[in-house]
Amino acid sequence: MSSEAPKSSSERRPDWAALVIAAVLAIVAAVIFVDVSRLTATTGYSPIGPASVPYWIGFGLIGLAVWTVFAAFRHDFPERERQEVSPVLWVVGGLLAQMILIRFAGFSIATGLLFGLAARGFGARKLHISIPVGIVICLAIWWLFAGVLQLSLPAGPLENLLLQ
């Protein structure tokens, strides 16, 4: 007779988060394989062509997915902390605001708003300080790219003031 206590049902269940990670790895590998299959197979005189490295990456991702499935059933993943949703929402809100505003408000205002909201997500409490600071930093970045490097970033009212 075994002295080992029977495992509870929670110990026999796989780690569902790890299985989701394994599925995402497999999906990314499948996308790589589909995309690489469109490349021409002509390699010329060398057996290594433009599809070689993406195939290696795809096979590596499949290997990681299989490894993650085994780890999910063996419970090899560390215990995770509870996820805070509020900081993620602040950062995602900043990204959405930037995507919506960048055409109309320009690079500096839209990206400065992203800076302020992301700072709030990381713990900054004073939006009335972080947003203007972000706008000033982004205006300097816009000037560097547009003025010095002659690269195009969306211009808004603040940038147009600098251009006049």
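The values are calculated or read from the model by the stated rules, or taken from the named source; none is laboratory data. Predicted, not measured: the structure shown is a model, and the values here were computed from it. Glycine gets a Cβ as well: all are built from the backbone with ideal geometry, and neighbour counts include every protein chain shown.
Of the residues making up region 116-129, those that are assigned to a helix (DSSP H, G or I) and either aliphatic (A, V, I, L, M) or surrounded by fewer than 20 Cβ atoms within 10 Å (Cβ to Cβ) (or both) are Leu117, Ala118, Ala119, Gly121, Leu127, His128, Ile129. Answer with yes or no whether Gln83 is free of Cβ contacts under 8 Å to residues at least 24 places away in the same chain and in contact with a Leu (Cβ under 9 Å, 6 or more places away or on another chain). For Gln83, the condition - free of Cβ contacts under 8 Å to residues at least 24 places away in the same chain and in contact with a Leu (Cβ under 9 Å, 6 or more places away or on another chain) - is not met.
Per-residue answers, yes or no, for (1) under 30 Å from Ile137 (Cα atoms); (2) in a helix (DSSP H, G or I); (3) at pLDDT 95 or above:
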position: Ala26; (1), (2), (3): no, yes, yes
position: Thr68; (1), (2), (3): no, yes, no
position: Gly106; (1), (2), (3): yes, yes, no
position: Ile109; (1), (2), (3): yes, yes, no
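Give the residue, chosen from Val36, Val28, Val92, Val53, that is surrounded by fewer than 18 Cβ atoms within 10 Å (Cβ to Cβ) and assigned by TED's automatic domain parsing to the domain that holds Ile137. None of the other options fit; the residue is Val92.
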